[in-house]
Structures are given as structure tokens and as C-alpha cells.
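To start, the structure under review is shown below, and the notes come after it.
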Amino acid sequence: MATDIIDPNDPFNAIADAPFDSALSDRYLVYALSTITARSLPDLRDGMKPVHRRLLWAMRALRMDPSSAFKKSARVVGEVIGKYHPHGDQSVYDAMVRLAQDFSVRYPLVEGQGNFGNIDGDNAAAFRYTEARLTQVAIDLMDGLDEDAVAFKPTYNNEEQEPELFPGAFPNLLANGAAGIAVGMATNIPPHNVAELYDAAIALIDRSGDLAGFNILDHVRGPDFPTGGLVVDSPAAIAESYATGRGGFRVRARWNVEDLGRGTWTAIVTEIPYGVQKGKLIEQLAAIVNDKKLPIMADVRDESDAVIRIVIEPRSRTVDPVVLMESLFKLSDLESRFSLNLNVLDASRTPRVMSLAEALNEWVQHQFIVLRRRAEHRLRKIADRIELLDGYIVAYLNLDRVIEIIRTEDEPKPVMIAEFELNDRQAEAILNMRLRSLRRLEEMELRKERDLLDRERSGLEGLLASEAKQRTRLKRDFGKLRDRYGPETTLGRRRTTIEQAAPLRDIPLDAMIEREPITVILSQRGWIRAMKGHVDAAGVAAVKFKDGDAPLFDFHAQTTDKVLVAAENGRFFTLPADKLPGGRGFGEPLRLMIDLDGNIGIVGVFRASLADRWIVAATDGRGFIVRTADTLAETRKGKTVVTPRFGAKLKIVRPISVEDDYVGAIGDNRRLLVFPLAELPELTRGQGVQLMRFRDGGLSDAITFVFANGLSWPMGGDSGRVRTETDLGAWRAARGAAGRMPPNGFPRDNRFG
């Protein structure tokens, strides 16, 4: 039997003895750092992620500048994934598409030809159908790559070179913004107006990195989104977000009123918030109309072509346009929030959250480095050229002798070096000259070029020696670019208006819901419905129910009301009256609308606006007063108001009138007690206090009333008569007493009616 030979030098055969948690954390840390620094967070200096940088670099290598013809996107994608970015072709193409979308990027870096998607949310065509080339913005961003302005590094396979970052004096990070999710951190930076950024950068140049007392809002008013809209935050809120690098901006759609004559009008939306897909926004607005969430809105139409035009029709000419639009700002994405998280990689490739002023200042300091590197590179080029010119001048002055040496000597280079005191490079340049160049080899032209280079060299040396000259030069360069992207240009004009809006009106519910009278009916089996109109008792009795079912609770309400449902476990549920099923059928099971177990009974269903305060009590006789606002629930899970003791259940929920000053309570033992309402506490949640004391049984009913008017109860039968007992002195006592037998004629079911 052959034995496999294990090579101990093979790293795959090595076994590392290490704790699992430390091995896992070390490997995860490597992955996290790779994600943060090489994928998700942009570099502060050029605002690019590696995939974007490699895309533009590949397009530059393919000579896809703005003046050249378009080339197929498939060619670009192939070049990128083949040489620089070994990832999926679709991810690379998606990144390229976004750089070309003028509704996604404030200053597009790629000019697309073909279907590159649209603001409705439609995807771009496949890369074999579309074409692209660079924009002038991309050229400005990459300006200086040929002048040793930045360092280069090998590609993943060591076959090519790629720049570590772009040197151009275009503030791409803040001009175009960025978004990304890394491991344990994320970034989200809005786009800004580049002319305003240049104004702020020029103001920062003379401060030598000192930000004390510098107010960025003196130059940068706020974000400038490619889709326009309005930022409606206050200057103080914007300043706070920019100062901390975290915060957000409320962005609203831009709209106006279009007069149709005879008092009729429509609201026209011409710009929508950044990042909102128009197609989904139209669906959202249509759902508001269909679901009748906003009755004052009649219809919505999309009449957009190249320009956004969303038409919103009111229900009637009397509708206030501001009320309509502010309602839609609450209900739809016509107002959205853009979160700010200015988390970027600084010059040392360290992720850091900066203020806007810090980020811009760091970029300015980087431009000083680029300026010096380009100047040093140019000085080296000048020195090389002057060296050659000196050799050419010697050759011109001794042209006949040079020709003679070349014709007669087997090795002319050493002879020329020795005779004319040339170096090897100068002699090689003379020997490599073409014969046709001899006719242009004139001493005056050579000396003129050399003098120009001498003057340029002196200027560059002075530039490198003087920080003041560097500041002046950088301000001049920024000024030229500001003129190219100034507010008077089509690309540079501000699109987003910074305009603090007044707080949204507290729009009454009547404006949101069409007010109509209804009658709410809950059956004994728990089916609820809302019949149109206020139906009387006879009408309720005539309503059809399922076999074996009958009405349990019914009351009059309006569609603008909220309906309170009290359960035996002490939870209160809230239902909008306008959302209740209609009265044509049998309705719908109440328990499908709220989260309530089937074995828990319903104590009562009420109109929330019936009273401001309620008396609630459990079967063990404990209770308290609760306000309506403390019973309203936001979700279908309801809200716990009463917490009955073990074995007890919520039994009583009754409204309290403003004039009521006494409580009447009667137990299962047929004992009646009357005590002041002031002795009951007002709570938001709990068990409450003992209303009356029992030897056996529990609480049967409780009610509040005006003591001076006496206590009333129905006589029973169909007569509809009511009896009132005004002399209640015999039953009046302190809360918690046992009570005594009620007056003659009190109902045998121990209920106040």
C-alpha cells in the first residue's frame, strides 16, 4: 500500500494551532478593512471609489475624450475587467451607467449615447447596445496624470499601471457626492454646486489650514441636487449638519399652481426630490387617490416627457392648494429626507467623519501637493530639454566638423564627446538627428527656445520657493475652473433652492377624510360594519345578520371619528371610522383588524370623541379615570390601559360628562354606593383603586352623574320611561364602602342602563 508523501513546506499542509475566535476576528478584520478602503468609501482627494477610478482611467487610455467619437460600452467594460478590475461585468457597467445619468450625478463624468435608464426607474440597455465617452468634467478631474502629479501602482496582475488617485482640481467628492455601505460604517454625501465650492476653496487658501472662525455657509448655501427641488431646512439646521458631518436635509418637490380659468386650477410638480423614482411616486400618488386617503385630491396624471410634469387635480375649486400639497408632503415621497454622513478616507487612507469645511480644506491642501509635484516634474522636463538644446547649439556652431566626424570615424560618439565636451545623451541626440532637421537647425531659434525655458524654470523655482506664489497660482487655477462651471452656465447654475419652509400645518382630519355620517354596528359574534347615515333603533333591528347572530353594540359617528374597542384584558384598540367595512354585507370580523385572541371578550365599542375622560373598572371593583388621548393606539396590537389583577377582567368603560361630579357603583350583591368623582384618581395605566367593597361577587356596573340631578335608570319594557332618584343621601358614602340596597324599582340586572 502506497503512502502519500506530505510536503511540510506546502502552506496548505500547515496546521495553525490558534483560538477560533481570534483566528476568525483576524480574518474578518482583513475583510472589513478591504471593504472599507478598497470598495465602499470614497477617497477625500478625488471623491472616487476604485471601480469609478479604473473606469475613467480605462476610458482615458482608449482615448474616449469629449472630442472623439463614442465607443461601445462593452469595450470599456471589457478593458476595465480585463486589465484593472477583475469583478463582474454587470457591476462595472452599472457603475459606469450611474456616472452618465444626469439625474443621479450632479456633474456627469461619462457622456452616454443610447438608453442609459431614466428617472422613472427603468434600467439601462445592455452594454452591447450603448456607447459612451468622457465628459469635460472627467478630463478636468484627471488633469495632471501625465505630469507625475500622483503616484501609480501595479494592477492586480502586475501587467499594467494605474493611478492611486486622480489629481485634477475638480472637487468631485463634494460636487457629485457619494454613497456606500462598508463594514460597520457607511457614507452618504449630497452633491453641491461646484462654483460655490470653488468660492469656499479660494477663501480657504489664504487661511493655511486654519478653520477657526470660518463659516462655510458664507459660500456654500447647501446641497445642490441634480433633480432640483427645495431644501426646506433652516440655516441653523444646515450649519449643524455641516459642522458635525452628520445630519440630514428635508427635500421637497417644486410645484406651482396652474390657473385653468373660472376659478379652477391644478397643481403642477416640475421637480421631485433626489433619489425618488418618478414611476413609483406616481403609483404612490395614485394609491392615495384610490384608497381615498386624501379626499380633497381627485386625480393625478403624469404628463412628463424630457421635463417632469406631474398634474395633481383637487376635488373642487375651493380646496386650498397649500393644504393639498402639504398633505401630500406628509403622505408621499414628494418630501423626502437625505441623510448626511460625511465619512471618507483621508490622505492617509483612514476612514473619518469630517465637517464640510474640514473635507474641503483637506482637498485644498492636497491640491497644493499636486501643484508642487507638477512643478517639479516640469522642472525635470525643462532640464532635459535644455541639456539637448545645448548639444544642438554646439552641433550647429560646428556643423561641418560634426558631419566630417560622422563620415570618417567608425565610432563618432566618443570623438564628438572628447572634442566638443558633450555628454553621452547630447552626443546620442546629435547622431539621431534626421538630415531634414539640419535645415531648421538655426542658432537663433535654438537660443530663443532655451531662453524661454530658462525663464520658465526660474518661474517654477520661484513658485516652489514661495508659499504666497503657490496660493496665488492655485487661486488663479480655481478661478478658471469656476468660470467654466459658473452659475451663468447651463451645467453650473444652481438647481436646488435653499428655502426655509414654515412648519407643516396641523391639517384637521376633516381635510383628509370626507366627513359623512355613519352608524357603527358590532354583532354578538364580532362582525363589525359601518352603515351610511345615522340609523335609528328600528333601522338597526331591521339589519340582516348571519344565522344565530344579532347586534351587540351600535352608535352614531362620522367617518372622521376614531372608534375605540375595549377588551376584557384591559387593552384598547383604535380603528379609523372611514376604514370600517360598509353596511351592504355582513361586515368583517373585528378580530381580523386587531390582534386579539378569540377567547377574550369585547367590553364595548365607542366613538372616541364621545368624551374627553372615561371611567374604567374591572370585575374586582378596582378602577380609575383615563383620558381619551391615553387610550388611542397607533398599531393593531392596541394599547394596555387597565391591568386587572389575576382572575379579574375589565368590566366597565363609560364616558364622563363635563358636569358629572359623582360616581354610582353597584355590585353583583345588589349593593349601591354613591361617592364623589374627585375620589377617583386619573391614571394613564394601571389597576386603579377600590370603588366599593364586596363580601361576595364583584362589580356589576358603574356610572358617573350630576349629584344635584339625581340618579336615573330605565324602567324596563317598551315604555321607554326613566325613573330618577334625587334623594341619594342614604347611599352616599366614601369610596370603598360596602353600599346598601338600591331604591325600589332598580333594574334586577343590576345595570344602570
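The values are calculated or read from the model by the stated rules, or taken from the named source; none is laboratory data. Please read these numbers as outputs of a predicted model, since none were measured by experiment. Using ideal geometry, Cβ is built from the backbone for each residue, glycine included, and neighbour counts are taken over all protein chains shown.
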Can you spot a residue in the stretch 426-443 that is touching a residue at least 60 places away in the same chain (Cβ under 8 Å), more than 45 Å from the chain's Cα centre (by Cα) and more than 30 Å from residue 43 (Cβ to Cβ)? no
Report those strands (runs of 3 or more DSSP E) wholly inside the stretch 238-310 carrying at least 2 residues which are within 26 Å of the chain's Cα centre (by Cα) and either acidic (Asp, Glu) or within 30 Å of residue 211 (Cα to Cα) (or both). 246-252
What's the number of the only condition in (1) modelled with pLDDT of 95 or more; (2) in a helix (DSSP H, G or I) that residue 83 fails to meet? (1)
Expected single match for out of contact with any His (no Cβ under 9 Å at 6 or more places or on another chain), exposed (fewer than 14 other Cβ atoms within 10 Å of the Cβ) and not basic (Lys, Arg) among 333, 299 is 299
Go through the stretch 182-211 and give me each residue that's hydroxyl-bearing (Ser, Thr, Tyr) and assigned to a helix (DSSP H, G or I). 198
Close pairs from the stretch 260-284: first in contact (Cβ under 8 Å) with a residue 40 or more places away in the chain and more than 12 Å from residue 121 (Cβ to Cβ), partner among the acidic types (Asp, Glu) and not in a strand (DSSP E or B), Cβ under 7 Å, at least 6 apart: 273/333; 284/333
For the stretch 594-605: of the residues being closer than 18 Å to residue 634 by Cβ and not acidic (Asp, Glu), which is surrounded by the fewest Cβ atoms within 10 Å (Cβ to Cβ)? 594
Residue, modelled with the highest pLDDT, within the stretch 699-728, restricted to residues that are among the hydrophobic types (A, V, I, L, M, F, W, C), out of contact with any Ser or Thr (no Cβ under 6 Å at 6 or more places or on another chain) and surrounded by fewer than 16 Cβ atoms within 10 Å (Cβ to Cβ): 706
Given the conditions (1) farther than 30 Å from residue 479 by Cα; (2) outside the structural domain of residue 64 (by TED's automatic domain parsing), report the number of the one that residue 191 does not fulfil. (1)
When the residues of the stretch 136-155 are filtered to those that are touching a His at 6+ places or on another chain (Cβ under 8 Å) and part of a loop (DSSP other than H, G, I, E, B), which remaining residue is nearest to residue 172 (Cα to Cα)? 149
The correct count of residues that are free of Cβ contacts under 8 Å to residues at least 12 places away in the same chain, part of a helix (DSSP H, G or I), more than 16 Å from residue 140 (Cβ to Cβ) and among the charged types (D, E, K, R) in the stretch 468-490 is 1
Hey, can you tell me all the residues within the stretch 28-73 that are within 25 Å of residue 126 (Cβ to Cβ), among the aliphatic types (A, V, I, L, M) and assigned to a helix (DSSP H, G or I)? 51, 55, 56, 58, 59, 61
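So that you can scan it fast, the table gives a plain yes or no per residue for (1) in contact with a Gly (Cβ under 7 Å, 6 or more places away or on another chain); (2) surrounded by fewer than 19 Cβ atoms within 10 Å (Cβ to Cβ):
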| position | (1), (2) |
| --- | --- |
| 340 | yes, no |
| 343 | no, no |
| 355 | yes, yes |
| 367 | no, no |
| 376 | no, yes |
| 380 | no, yes |
| 386 | no, yes |
In the stretch 188-226, which residue that is polar (S, T, N, Q), out of contact with any Ser or Thr (no Cβ under 6 Å at 6 or more places or on another chain) and surrounded by fewer than 23 Cβ atoms within 10 Å (Cβ to Cβ) is nearest to residue 363 (Cα to Cα)? 208
For the stretch 565-582, what are the residues that are assigned to a loop (DSSP other than H, G, I, E, B) and within 15 Å of residue 597 (Cβ to Cβ)? 568, 569, 570
Filter the stretch 15-27 for residues that are of a type in the set (A, V, I, L, M, F, W, C) and outside any loop (DSSP other than H, G, I, E, B) and give the result. 20, 23, 24
Residue check for residue 637: in the same structural domain as residue 566 (by TED's automatic domain parsing) and assigned to a loop (DSSP other than H, G, I, E, B): yes
Sort through 304, 336 and tell me the only one that's in contact with a Pro (Cβ under 6 Å, 6 or more places away or on another chain) and on the phi < 0 side of the Ramachandran plot. 336
For the stretch 109-141, which positions are surrounded by fewer than 23 Cβ atoms within 10 Å (Cβ to Cβ) and closer than 30 Å to residue 368 by Cβ? 135, 136, 139, 140
Identity of the residue in the stretch 465-497, of a type in the set (A, V, I, L, M) and surrounded by 13 or more Cβ atoms within 10 Å (Cβ to Cβ), that ends up nearest to residue 206 (Cα to Cα): 474
Only one of these is in contact (Cβ under 8 Å) with a residue 60 or more places away in the chain, part of a strand (DSSP E or B) and outside the structural domain of residue 280 (by TED's automatic domain parsing): 389, 371, 360, 340. Name it. 340
Can you name every residue in the stretch 574-593 that is of a type in the set (A, V, I, L, M) and surrounded by 19 or more Cβ atoms within 10 Å (Cβ to Cβ)? 575, 577, 580, 590
Answer with yes or no whether residue 226 is at pLDDT 95 or above and either under 30 Å from residue 313 (Cβ atoms) or not in a helix (DSSP H, G or I) (or both). yes
Test set (1) loosely packed, with under 15 Cβ neighbours inside 10 Å; (2) closer than 24 Å to residue 603 by Cα; (3) at pLDDT below 90 - residue 693 fails condition number: (3)
